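Data first, discussion second: the structure below is written as structure tokens.
Nothing in this text is a laboratory measurement; each read-out follows from the coordinates by a stated rule. Every value quoted in this text rests on a predicted model; they were computed, and no experiment measured them. Here the Cβ is made from the backbone with ideal geometry for all residues, glycine too, and neighbour counts use every protein chain on show.
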Amino acid sequence: MKKTLLAAALVTLAAPAFAADYRRPPEYADPLVAAPLFNWSGFYIGGHGGYGWGTGAGVSTSGFVGGGQLGFNYQIDRLVLGAEADISVSGIDGTAGGVTFGADYLGSLRARIGYAADRVLLYGTGGLAYGRGDLTIGGLSNKQTQWGWALGGGIEAMVAPQLSARIEYLYMNLGHDTYGSVLGPMNVGFTTGLLRAGVNYKF
């Protein structure tokens with residue numbers, strides 16, 4: 001009986017000491033998880049408008065352009081590869097020395113390569129270009145479709161979940177073609193630079 005009472009007393013005396021030594025395990029917050037980076041892969045369609053200037057048939061030309069584009073991007077890590085087709089109605093023209101030259105429309109089919117910094121894309125682009133020129137001398141005009149190449153670049157940013165805005169510059173060299181005129185056949189070259197702003201809807 002005495003042993004039982006002694007053991008109970010020892011347990012009673014030791015309990016506060018054990019309680020003092022006990023520490024609750026620290027509580028840890030859930031680890032922070034970085035938000036996933038935006039992925040540019042997919043099809044898109046959009047519109048653009050801008051201004052062009054250049055030279056055609058030896059005449060300085062300039063004017064506004066507007067049209068649409070469609071394309072596809074494929075992203076690998078931060079590298080974005082793509083293809084785009086576009087066409088613009090053109091008000092680019094000019095007159096000098098009784099010769100008027102202008103472009104009715106301009107278009108291109110280009111590859112794109114870019115670097116994605118999350119929702120911002122820096123890209124370069126190049127490929128096939130075409131346009132219909134209009135040469136007028138002495139009140140008589142002749143139209144020809146010219147083919148050449150385009151090279152440029154731009155910056156594009158996502159401004160809404162599926163909507164992006166961009167600004168780009170394209171240089172087009174449409175080579176030379178033979179136009180009929182009151183002065184006889186004329187070998188006409190046409191080059192132009194385009195500064196365009198646009199928006200795209202990504203599917």
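What to note about this one:
- Subset tally (residues that are surrounded by 14 or more Cβ atoms within 10 Å (Cβ to Cβ) and in contact with a Phe, Trp or Tyr (Cβ under 9 Å, 6 or more places away or on another chain)) for region 180-198: 9
- Extreme residue, surrounded by the most Cβ atoms within 10 Å (Cβ to Cβ), among residues of region 146-156 that are of a type in the set (A, V, I, L, M, F, W, C) and within 15 Å of HIS48 (Cβ to Cβ): ALA150
- Scan of region 124-181 for residues that are in contact with a Ser or Thr (Cβ under 8 Å, 6 or more places away or on another chain) and of a type in the set (Val, Ile, Thr), ordered by number: THR136, ILE137
One line per residue, one yes/no per condition, for (1) small (Gly, Ala, Ser); (2) more than 20 Å from ALA85 (Cα to Cα):
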residue: GLY126; (1), (2): yes, no
residue: ALA129; (1), (2): yes, no
residue: ARG132; (1), (2): no, no
residue: TRP147; (1), (2): no, no
residue: LEU151; (1), (2): no, no
residue: VAL159; (1), (2): no, yes
residue: LEU174; (1), (2): no, no
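- Residue within region 173-183 that is touching a residue at least 24 places away in the same chain (Cβ under 8 Å), in a strand (DSSP E or B) and at positive phi present: yes
- Unmet requirement for LYS143, which otherwise passes all of (1) of a type in the set (D, E, K, R); (2) over 18 Å from GLY189 (Cα atoms); (3) without any contact (Cβ under 8 Å) to a residue 40 or more places away in the chain: (2)
- Cβ separations smaller than 6 Å between residues 6+ apart or across chains give the following pairs from region 55-70 residues that are small (Gly, Ala, Ser) to residues that are outside any strand (DSSP E or B): GLY63/GLY91; GLY63/ILE92.
- Just one of the listed residues (ARG166, ARG119) is touching a residue at least 12 places away in the same chain (Cβ under 8 Å), more than 21 Å from TRP53 (Cα to Cα) and of a type outside the set (S, T, N, Q), namely ARG119.
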